[in-house]
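The values are calculated or read from the model by the stated rules, or taken from the named source; none is laboratory data. Keep in mind that this is a model prediction, so the values were computed, not measured. In this analysis, Cβ positions are derived from the backbone assuming ideal geometry, glycine residues included, and neighbour counts consider all displayed protein chains. Just so you know, the surface numbers come from the protein's heavy atoms only, side chains and all, with ligands and any DNA or RNA stripped out. Shrake-Rupley method; radii C 1.70, N 1.55, O 1.52, S 1.80 Å.
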Amino acid sequence: MLNREKAVAVEAARQAGRLLVDIFEHPRTIETKGASYNLVTEADRRSEELILALIHEAFPHHAILAEESDIVPPESEYLWVVDPLDGTTNYAHRYPMFAVSIALWQQGRPVLAVVYDPLRDELFQAERGTGAFLNEQPIRVSATTSLRQALLGTGFYYERGEPMRRTLRQIEAFFDVPIHCIRRDGSAALDLCYVAAGRYDGFWELTLGPWDYAAGMLVIEEAGGIVTDAAGQAIGLFSRNILAANSMIHKDMLAVLARTA
Ligand code: IPD
Ligand code: CA
Ligand code: CA
């Protein structure tokens, strides 16, 4: 059991969440990373500083991979993967949907996950082999058996080239099924937890960073769902794309994605 690691991850996510909420309504400086629509705020940086300090203090020999830091993780059996603010575009526009995502990976797979939505005070967590929880209550993926009854989530990365065009073709193909509907909430970490909690039946996104799904994928697996890349292959830290769903919907989504690849 990773009790100490879990306590540190939960504390870091809650403290970072409080910081994000505290400065949500304040005037903020919005900068860009490359493209004019790839945003970063002071909140991203301050949240990351806080989380990294707590992890480093508790586990000085563990490696850390965090979105806003150009650090090369030292060799270590344990790797923390941190997104200090998932949903920066939402945050910058004061659209109330964002989260803190903290995962611990061991030998190439996630073993501990915490995703915290501070506005709703919803804390998703999972430890490998022990189930998935939302605010301490066990969660399961949906029991929806047909794509025709599915609510799906998707996301658009910051690349507006071919992956974006492919995503738009895939959205069209899913509507042709026809499914119930598609949402784009703007926080991949939360999107994945929503699959785990049965709020979405499935989610896919064609370009992601490891910090976007490092925690959410474990929450889904521990909630009984399936997570692969968009071609149905096992997912790793640098897979870049993701397909997550309950086991029935997963194979049907895979077939639609294959038709529109
Ligand atoms: C983004 C969000 C968004 C997803 C993008 C991610 P960020 O993360 O998760 O939902 O569509 O691909 O990059 O930049 O807000 O941490
Ligand atoms: Ca992110
Ligand atoms: Ca981020």
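Of all residues in region 220-261, those that are under 11 Å from V195 (Cα atoms) and assigned to a loop (DSSP other than H, G, I, E, B) total 4.
Filtering region 78-104 to residues that are outside any strand (DSSP E or B) and closer than 22 Å to L134 by Cα leaves G87, P96, M97, F98. Taking (1) more than 14 Å from ligand 1 (Cβ to nearest atom); (2) touching a helix residue (DSSP H, G or I) at 6+ places or on another chain (Cβ under 8 Å); (3) in a helix (DSSP H, G or I) in turn, P110 satisfies each apart from (3). Looking only at residues of region 107-123 that are modelled with pLDDT of 95 or more and open to solvent by 60 Å² or more (accessible area, probe 1.4 Å), we find that the one that is farthest from ligand 3 (Cβ to nearest atom) is R109. Here E49, E75, E11 are screened, and the one residue that is of a type in the set (D, E), open to solvent by 80 Å² or more (accessible area, probe 1.4 Å) and not in a helix (DSSP H, G or I) is E75. Considering A63, A16, the condition of being of a type outside the set (K, R), out of contact with any helix residue (DSSP H, G or I) (no Cβ under 9 Å at 6 or more places or on another chain) and surrounded by 17 or more Cβ atoms within 10 Å (Cβ to Cβ) is satisfied by A63 alone.
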